[in-house]
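Every number in this text was worked out from the coordinates using simple rules, so none of it is lab data. Keep in mind that this is a model prediction, so the values were computed, not measured. Cβ atoms come from the backbone with ideal geometry, glycine included; neighbour counts cover every protein chain shown.
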Amino acid sequence: MSDTTDILGLPLILPAQAQKHVTHNEALLALDAVVQLAVLDRNRTAPPVTATPGDRHLVAGTATGLWVGQEGRIAVLTGTGWQFHAPQPGWRAWVLGEAREAVYDGLIWKTPNEGEGGFARLGVSTTPDAVNRLAVASEAVLMTHQGAGMQLKLNKAAVGDTASLLFQTAWSGRAEMGTAGGSDFSVKVSANGSTWFTGLQVAAATGVPDFPQGLTRAGSQVFARSNILGTVSQTGGVPTGAVIERGSNANGYFIRYADGTQICWKNDLTVTNASTALGSGFTSAALPWVFPQTFLVGSTPVVTGMADAVDAWLVAAAPVEGSVSLRVLTMVPKSGAIGVRAMAVGRWF
């Protein structure tokens, strides 16, 4: 039979042993040292300069002085000096200097943040559930670096799944950013949690951003590739649409600019001939041209152009906001069709 217990190594009183009280008291002192274990610290390698009987420490490596060779053990100051108790794997001690628990792993004492562990669910000041397995209720959450930096990683199983940050109000979604349903990165918002608008989308294949709702800054529109070309508009003389609008119809082509400038032109106008005498020259019949877009009401656009014939000139008479009358002047009579190209420049607001 052993002279000590198997777990704590407490001395046993043997048959016919003299001074049994000595052995008994030694066992009580050992129990007093290791039961309800709370130590002052775990980072000392030598005894403190001043200590009180009953003070306990976890000896750190590499120990020196009176503690040499006692690394990892529990050092307790008694009336006769320092005594040491060897811990078993799994023993727990509350470290007063750190206000946290440490566990002996067989080699060193570790706090939970220094070891590895797993939790099916974890709640900090709130209750986790089957979906929100990690739940935190706090005014702020700090994630700081360990080394040069820190990354927060959101991983999804497949391209069509979602990896995003969702911002809620009263548990109803109001904004979301991430890769939702694809690889493109998007930022979207909602006023009610059901109708969503994508404000920014960055293509994964090219890195090119798109702004599906357009861009504004402090109430003024910001222009990008997506809204340079489009429908121009204005309110009270202030542009509210795209920068440039271009189009065409049966009456020709047109360009409108956000500053109010408008240009109209047509390249396939024709007059039948220029044979009617007019002073020392000849003139064609009047050719009406309705502009493809109307100019500012009451304005008079500037009309210029050319006739596709030798010794022939194009003249414009009485232009108004919607049309102009064109004629061709020549030095000698012309028969047959004469091509005409005309352009009008003015303002649309």
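By how many degrees, 0 to 90 and rounded to 10, does the Cα axis of helix 20-34 deviate from the longest principal axis of the chain?
10
Using only helices, what value at 222 nm comes out for the chain when you add -39,500 (n - 2.57) per DSSP H run of length 4 or more and divide by the total residues, to the nearest 500 deg cm²/dmol?
Using -39500 (n - 2.57) per qualifying helix, the result is -1500 deg cm²/dmol.
I want to verify the translational diffusion coefficient of the range 249-347 in µm²/s; compute it with Stokes-Einstein, Rh as the Kirkwood radius over Cα pairs, at 4 °C and 1.567 mPa s.
Answer, rounded: 94 µm²/s.
Under the Karplus relation 6.51 cos²θ - 1.76 cosθ + 1.60, θ = phi - 60°, what is the ordered set of whole-Hz ³J(HN,Hα) values for the range 130-138, x standing for Gly and Pro?
In residue order, the calculated couplings are 5, 9, 8, 6, 10, 10, 10, 10, 7 Hz.
Beta carbons within 10 angstrom, averaged per residue: use that to sort the peptides 139-146, 39-46, 9-16, highest first.
Ranked by mean Cβ neighbours within 10 Å, highest first: 39-46, 9-16, 139-146.
Check which residues have an amide H placed less than 5 Å from W91's amide H, if you skip close sequence neighbours.
Placed amide hydrogens put Y104 under 5 Å from W91.
Considering all projection directions equally, how large on average is the shadow of the alpha-carbon convex hull of the range 36-114, in square nanometres?
Convex hull of Cα atoms, orientation-averaged projection: 5.0 nm².
Once you have a ≥ b ≥ c as the square roots of the Cα gyration tensor eigenvalues for the range 1-156, tell me rounded if a/c is under 1.5, and otherwise prolate or oblate according to whether a/b is larger than b/c.
prolate
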